[in-house]
Amino acid sequence: MSTIAKLKNQGLISQITSEDIDLDNLSYTFYAGFDPTADSLHVGHLFVLMMMKRLQDLGHTPIAVVGGATGMIGDPSGKSKERNLLDEEQIAHNVACVRVQIEKFIDLKSSGRLVNNMDWMKEFSLIPFLRDVGKNFRLSEMIAKESVQKRLDSEEGISFTEFTYQILQSYDFLHLYETYGCNLQIGGSDQWGNITAGTDLIRRKTGGSAFGITFPLIQGANGQKFGKTEQGTVWLDEKRTSPYQFYQFFLQTEDSLAVQYLRYFTLLSDSDIEQLEQDLKERPEARTAQKALALDITKRVHGEVLAQKAIEASQILFGAEITQMDDASLSGIFSDVPSLVQQRNILDSGELSLLDVLVEAKLVPSKGQGRQRIKGGGIYINNKRVDDENLKLGPNNLVTESTMVLRAGKKNYCLIRFN
């Protein structure tokens with residue numbers, strides 16, 4: 001079975017511009033674009049990044065185009081309203097940050113490269129661009145693009161600025177074709193109109209052939225755009241989304257989507273995925289498929305050490321004893337947990353009563369209730385059961401430089417912070 005046929009069978013390909021695409025016997029230089037509208041990519045970019053990784057592993061040459069120019073315009077594809085425009089300084093900062101993340105997926109030191117379309121777009125002035133590039137586009141064809149039609153029919157409408165985006169992206173393809181021999185563009189299915197506009201421009205300007213492949217857009221089980229949660233976007237930057245929160249996002253994948261996500265976001269073998277699928281059917285409560293998914297992609301994005309810390313953090317919420325941690329990791333795990341601030345000198349004095357803190361933290365309604373809960377084995381410090389109802393808290397009870405975790409029962413937590 002050809003690679004294209006296999007990818008189609010696995011649900012990894014949405015559209016191709018030609019049945020002549022042969023990933024097994026022909027050599028392609030391919031590109032995918034990333035508009036640097038933020039200083040981090042998010043999990044919505046992972047599918048394209050993983051497909052770039054797959055194609056490079058097959059021997060094809062990747063080019064990651066960071067849109068320093070197009071990012072200042074905004075792509076209307078898949079958008080219900082126009083983006084806020086960024087200035088050059090912010091774009092340059094975002095480009096530098098995004099490069100670091102892309103390098104975790106494709107090898108830019110051997111065959112791959114990363115380029116910024118501002119490097120060639122900045123040489124253009126309006127009249128030459130309209131004369132040399134714009135004349136190759138027909139207004140009727142541009143308006144007919146699905147992404148444009150959706151915006152034209154919306155209340156927001158579409159500005160001339162965004163309307164020209166497909167011309168700029170098409171020129172990117174032409175420039176890469178002429179400069180690097182790039183003959184294949186890949187992207188999400190919402191990019192189909194932009195990709196085919198690029199292949200048409202190459203044909204009209206050079207008489208050559210170029211191709212496109214798109215991938216399905218991913219949604220969660222609730223139909224929500226992939227990567228969006230109640231808390232917001234799930235980012236690849238650990239400062240925006242902690243490795244723990246990143247790991248949890250994939251760990252919470254619905255059973256109905258877990259196997260497909262394994263195909264989308266990992267390079268696990270067919271046999272390994274089939275085994276995980278069987279485990280999911282036989283023991284869904286074990287969440288073996290979700291754990292494999294979360295570990296694999298967290299390791300790729302954040303590295304082995306932080307991935308293991310994310311696993312340990314997840315185990316903490318199921319009652320594992322908390323040992324020495326840092327404040328940032330603890331805050332990530334217990335981001336939604338109430339906290340109580342106490343004076344550090346009181347802790348150091350050795351006179352701080354556990355019962356007083358339990359009442360102040362509202363984990364128990366009274367000291368009497370607190371004593372009963374301790375006798376019944378229902379009070380924990382750092383997930384370790386407390387058996388002394390007269391316990392005085394001290395620095396030895398801290399699990400980070402300044403924090404301890406109190407728990408009453410199975411789920412009622414409070415972070416006690418000492419300043």
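Report, ordered by the first and then the second residue, all pairs with beta carbons closer than 7 Å, sequence separation of six or more or different chains, a first member in region 184-198 that is in contact (Cβ under 8 Å) with a residue 24 or more places away in the chain, and a second member that is charged (D, E, K, R).
G193/K145; G193/E146
Got a sec? Which of L41, L58, L49 is touching a helix residue (DSSP H, G or I) at 6+ places or on another chain (Cβ under 6 Å) and either within 27 Å of R99 (Cβ to Cβ) or among the basic types (K, R) (or both)?
Step by step, each of L41, L58, L49 is checked, and only L41 is touching a helix residue (DSSP H, G or I) at 6+ places or on another chain (Cβ under 6 Å) and either within 27 Å of R99 (Cβ to Cβ) or among the basic types (K, R) (or both).
So if I check each of G377, G332, G319, which one is on the phi > 0 side of the Ramachandran plot and at pLDDT below 90?
Exactly one residue qualifies, and that residue is G319.
Anything in region 249-267 that is assigned to a loop (DSSP other than H, G, I, E, B) and farther than 15 Å from F47 by Cβ? List them, or say none.
Passing the criteria: Q252, E254.
On the basis of being in a helix (DSSP H, G or I) and at pLDDT 95 or above, does L7 make the cut?
Criteria met by L7.
Yes or no: G33 outside any helix (DSSP H, G or I), within 27 Å of the chain's Cα centre (by Cα) and over 30 Å from C97 (Cβ atoms)?
No; evaluated as a whole, the condition is false for this residue.
Looking at the structure I just gave you, is R240 part of a helix (DSSP H, G or I), at negative phi and touching a residue at least 12 places away in the same chain (Cβ under 8 Å)?
Criteria not met by R240.
Are any of the residues in region 390-400 surrounded by 12 or more Cβ atoms within 10 Å (Cβ to Cβ) and farther than 19 Å from D327 by Cβ?
For region 390-400, residues surrounded by 12 or more Cβ atoms within 10 Å (Cβ to Cβ) and farther than 19 Å from D327 by Cβ: present.
Residues to consider are I311, I273, I346; find the one that is modelled with pLDDT of 90 or more and either crowded, with 20+ Cβ neighbours inside 10 Å or under 32 Å from the mean Cα position of the chain (by Cα) (or both). Give the steps one after another, and end with the answer.
On the way: I311 fails: modelled with pLDDT of 90 or more; I346 fails: either crowded, with 20+ Cβ neighbours inside 10 Å or under 32 Å from the mean Cα position of the chain (by Cα) (or both).
Exactly one of I311, I273, I346 is modelled with pLDDT of 90 or more and either crowded, with 20+ Cβ neighbours inside 10 Å or under 32 Å from the mean Cα position of the chain (by Cα) (or both), namely I273.
Can you confirm whether D270 is assigned by TED's automatic domain parsing to the domain that holds A289 and touching a Pro at 6+ places or on another chain (Cβ under 8 Å)?
In short, no.
Which of (1) without any contact (Cβ under 8 Å) to a residue 40 or more places away in the chain; (2) within 29 Å of the chain's Cα centre (by Cα) is the odd one out, the single condition L176 does not satisfy?
It fails just one condition, (1).
Which residues, counting only those in region 324-343, are in contact with a strand residue (DSSP E or B) (Cβ under 8 Å, 6 or more places away or on another chain), surrounded by fewer than 16 Cβ atoms within 10 Å (Cβ to Cβ) and under 18 Å from A307 (Cα atoms)?
Passing the criteria: only D327.
Conditions: (1) out of contact with any Pro (no Cβ under 6 Å at 6 or more places or on another chain); (2) assigned by TED's automatic domain parsing to the domain that holds G303; (3) not hydrophobic (A, V, I, L, M, F, W, C). D255 meets all but one. Number of the miss?
Exception for D255: condition (1).
Scanning region 38-61 for residues that are part of a loop (DSSP other than H, G, I, E, B), more than 25 Å from R151 (Cβ to Cβ) and of a type outside the set (G, A, S), which turns out modelled with the lowest pLDDT?
D39
Given the condition acidic (D, E) and modelled with pLDDT of 85 or more, answer yes or no: does some residue in region 62-85 qualify?
Taking region 62-85 as the starting set, the residues that turn out to be acidic (D, E) are 75, 82.
With modelled with pLDDT of 85 or more added as a condition, the list becomes none.
Among the residues of region 62-85, not one is acidic (D, E) and modelled with pLDDT of 85 or more, which makes the answer no.
Counting just the residues of region 368-389 that are outside any strand (DSSP E or B) and of a type in the set (A, V, I, L, M, F, W, C), which one comes out surrounded by the fewest Cβ atoms within 10 Å (Cβ to Cβ)?
V386
If you check F215, F211, which single one turns out to be in contact (Cβ under 8 Å) with a residue 60 or more places away in the chain and more than 16 Å from F34 (Cβ to Cβ)?
F211
The values are calculated or read from the model by the stated rules, or taken from the named source; none is laboratory data. Predicted, not measured: the structure shown is a model, and the values here were computed from it. Reconstructed Cβ throughout: ideal geometry from the backbone, glycine too, with neighbour counts over all protein chains shown.
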